[in-house]
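Here's the structure we're looking at; comments come further down.
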Amino acid sequence: MEKGMNRREVIAGAGAVAALGILSNLFNSEAVAASHDGEGPAFMHKLPPLPYPEDALEPVIDKETVKIHHGKHFAAYVGGLNTTLEKLEKARKESNFDSIKALSRDLAFNGSGVVLHWIYFATIGPPQAGGAPTGAVADLIKRDFGSFETFWNQFAAASKTVEGSGWGILAWEPFSKRLVIMQAEIHQDLTSWGAMPLMVCDVWEHAYYLKYQNRRAEYVDNFAKIIDWKKVEDHFKKYCAAK
Ligand code: MN3
């Protein structure tokens, strides 16, 4: 057992939700909770509480949007993931994998939706609260993109041009030990295996439409003001930094 791992992580590591277990720990969240009643699924995920008041992101993101986005949309992905895990548990017990294709798709969609919303709400905050990137993340951005400005131009362009619903993602790629920028369509399409999302911009319309309507580019430009780089740095140091 790795030093410092708690029982929950060890259990999670043994199951199908290993990656989610690790990521839940990443944000010190209670989103993964063991539930061992002998009947239900081994794990039930919980919606992590919003780490700030609903109006904390004003004027970049309005209170109503945050309330619905966190309380309804994020909650729905958590519920969808739990339902999927429950169905998989049932399939295993009955040795009936007739629905495995649909269930695998549901697992990828809802699981990725949970992880990305986690990171989204955990690494943003009141405008200007986090300042500019400092420390390791700032150094890596400079090394891997040339400058912060170049990084931001690429990240913003990627976020603005996602086809349909999706995400702009700054991720740490462990095998190359480099930062990469990706686009995700819906939650899971266009991913690159092994890359750990570090900072993400949700460009589903539910993330901005009440205030910005069809002006996604304006939302992405303003999103720069609410990225809390201190939180991004903390997460990077604790879980992504090369050992
Ligand atoms: Mn969303």
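The values are calculated or read from the model by the stated rules, or taken from the named source; none is laboratory data. Note that the structure is a prediction, hence the values are computed from the model and not measured. For neighbour counting, all protein chains shown are included, and Cβ atoms are generated from backbone atoms with ideal geometry for every residue, glycine included. Remember, those area values only see protein heavy atoms, side chains included, never the ligands or the DNA or RNA. Shrake-Rupley method; radii C 1.70, N 1.55, O 1.52, S 1.80 Å.
Sorted on the mean count of surrounding Cβ atoms within 10 Å across their residues, most packed first, peptides 52-58, 183-189 read 183-189, 52-58. For the stretch 127-239, the fraction of 1.4 Å probe accessible surface lying on carbon and sulfur atoms is 53 percent. The value of relative contact order for the stretch 127-239, using C-alpha pairs under 8 Å at least six residues apart, is 32 percent. Tell me whether the stretch 127-239 comes out rounded, prolate or oblate; compute the Cα gyration tensor, take square roots of the eigenvalues as a ≥ b ≥ c, and use a/c under 1.5 as the rounded threshold. Here the stretch 127-239 falls in the oblate category. Across the options 195, 128, 152, the greatest Cα extent toward the positive end of the charge dipole of the stretch 127-239 (unit charges at beta carbon of Lys, Arg, Asp, Glu) belongs to 128. Distant-in-sequence amide contacts of residue 124, defined by a placed amide H-H separation under 5 Å and a gap of 5 or more residues or a different chain, comprise 228.
Peptides 192-200, 87-95 ranked from most to least packed by the mean count of surrounding Cβ atoms within 10 Å: 192-200, 87-95. Here's how it looks for residue 44: its modeled amide H is under 5 Å from those of 33, 35, which are all 5 or more places away or on a different chain. Across the stretch 113-123, rounded Karplus estimates of 3J(HN,Hα) from the backbone phi angles (6.51 cos²θ - 1.76 cosθ + 1.60, θ = phi - 60°) give x, 5, 4, 5, 5, 3, 5, 4, 5, 7, 10 Hz, Gly and Pro being marked x. Taking the square roots of five times each eigenvalue of the Cα gyration tensor of the stretch 52-115, the equivalent ellipsoid has semi-axes of 34, 9, 7 Å, listed largest first.
Close amide H contacts of residue 199 (hydrogens built in the peptide plane, cut-off under 5 Å, sequence separation of 5 or more or a different chain): 170.
Chymotrypsin sites (Phe, Trp or Tyr not before Pro), restricted to the stretch 41-101: which are DSSP loop and have at most 15 other Cβ atoms within 10 Å?
97
Here the Karplus relation 6.51 cos²θ - 1.76 cosθ + 1.60, evaluated at θ = phi - 60°, turns the backbone of the stretch 50-55 into coupling constants of 5, x, 7, x, 4, 9 Hz, with x for every Gly and Pro. Reducing the stretch 162-226 and the stretch 69-102 to their Cα centroids gives an inter-centroid distance of 24 Å.
Which percent of the accessible area of the stretch 71-125 is formed by carbon and sulfur heavy atoms (probe 1.4 angstrom)? After summing per-atom areas, the C and S share lands at 55 percent.
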